Amino acid sequence: MKSEMKDQILKVQKLMMKTDQPIFRDDFNRNRLFFRLSRETKLAIHSYSKIKNNLYKIQAEKGLYILKGYAEPGNLESIIRFSHLLHKNGFHTGLMYEKFNDGQFFLVDQGLVWVLLKYIVPKRKFSFSKTEDRTDGLNTLQNFHQYSKTILSNLPSELPQENTVVKWQNRLENFESHVPFLAKWFNPHVIGEIVYYSHFALNELMKEYVQTEKVVLHGDVASHNFIRAADNKVYLIDYDLLSVGSAEWDYIQYASRILPFIKWNSSLFQPHAFLIELGKGQPWFRTALSFPMDILREGNHFSHSSGDTRMPSSFANLSYFISTWDLRKQFLTNYNNLIQ
């Protein structure tokens, strides 16, 4: 037993030497975590690297893994159950969580709940600027919804119900409180138009909205949550914002995410026929698409970070959105003509 413990300590010491992080006060806690990880998994860990706080990439004998820590686990248990049911029923381009030696999916250490996932090796960076990625990403999202419908009845009730309109109302209220500040940095006329169109879209949406068939919504279909993998398939990751509701909400967000990359060019949008058809079938879809969720998000981020010593990235994003405001309005006109 002592010999086994000595061998284990030697392995962890070697692991500690291989980490690419500088030595600092938290080294002890981090190394204790990886000592536990090496004991409570069947992985022979060779090295690890820090991606960001509470997120590590692990090189093990059997391949690459991700270790992610949560301060507030929330509905994490439901998310893991959903992921496994989804995979079991045929959706194989998503996340898969690994069990620890005790058969559980959680490791509690340093006040955090840690989960282990198989790392999806990328072929290249996924980008909405590429037609291939926009198309394949949309196909993956459609498959995600199709498979999620088949397991809804087996899911725990902890998954929240979709509440996009409430979120948008809060976002708009927050943005309006920052209008005097934003008007000093950007064209006051455009800022005023953004507020006006936002209110108009929300008011119309609340009149028009009709619940459609429920699916599990991903909730954050940003480009960084898609991976163009080594097998050339597109994977959808990060299920932290799952909810249950009409699939259209994910597609509205997806359309809003890809449009800035094609500069709101309606001819470049036409190959995504599925998104155009949604507007024909659901009038509230095109109304929701006119709500400038991205501008309000970046405007709020910029306003909240106004005291930072460095110019936040949200300033560049917001500057671009405002400079192309007229292009956005023209696209919405063209989109309405397409679906008439």
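The values are calculated or read from the model by the stated rules, or taken from the named source; none is laboratory data. Since this is a predicted model, take the numbers as computed values, not measurements. Cβ atoms come from the backbone with ideal geometry, glycine included; neighbour counts cover every protein chain shown.
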- Task: Return a yes/no flag: does segment 244-252 have any residue that is surrounded by fewer than 17 Cβ atoms within 10 Å (Cβ to Cβ) and among the polar types (S, T, N, Q).
- Result: no
- Query: Counting only residues that are outside any helix (DSSP H, G or I) and of a type in the set (Val, Ile, Thr), which one in segment 287-327 is farthest from Glu208 (Cα to Cα)?
  - Reply: Thr309
- Query: Which residue out of Ile227, Ile258, Ile237, Ile295 is touching a residue at least 60 places away in the same chain (Cβ under 8 Å) and either touching a Pro at 6+ places or on another chain (Cβ under 6 Å) or among the basic types (Lys, Arg) (or both)?
  - Reply: Ile227
- Please find, among Val215, Val165, Val221, the residue that is surrounded by 13 or more Cβ atoms within 10 Å (Cβ to Cβ), under 15 Å from Trp249 (Cα atoms), in contact with a His (Cβ under 6 Å, 6 or more places away or on another chain) and among the hydrophobic types (A, V, I, L, M, F, W, C). Val215
- Could you count how many residues in segment 231-268 are outside any strand (DSSP E or B) and closer than 14 Å to His92 by Cα? 4
- Task: Kindly list, by first and then second residue, each pair from a residue in segment 48-61 that is assigned by TED's automatic domain parsing to the domain that holds Arg32 and among the hydrophobic types (A, V, I, L, M, F, W, C) to a residue that is at pLDDT below 90 and part of a strand (DSSP E or B), limited to pairs with Cβ atoms under 7 Å and residues at least 6 apart or on different chains.
- Result: Ile58/Ile45; Ile58/Tyr48; Ala60/Ile45; Ala60/His46
- Name every residue in segment 117-144 that is part of a helix (DSSP H, G or I) and farther than 19 Å from Phe261 by Cβ, in order of residue number. Gln142, Asn143, Phe144
- Item | Residues of segment 180-193 classified as assigned to a helix (DSSP H, G or I), hydrophobic (A, V, I, L, M, F, W, C) and under 16 Å from Ser314 (Cβ atoms), total | 4
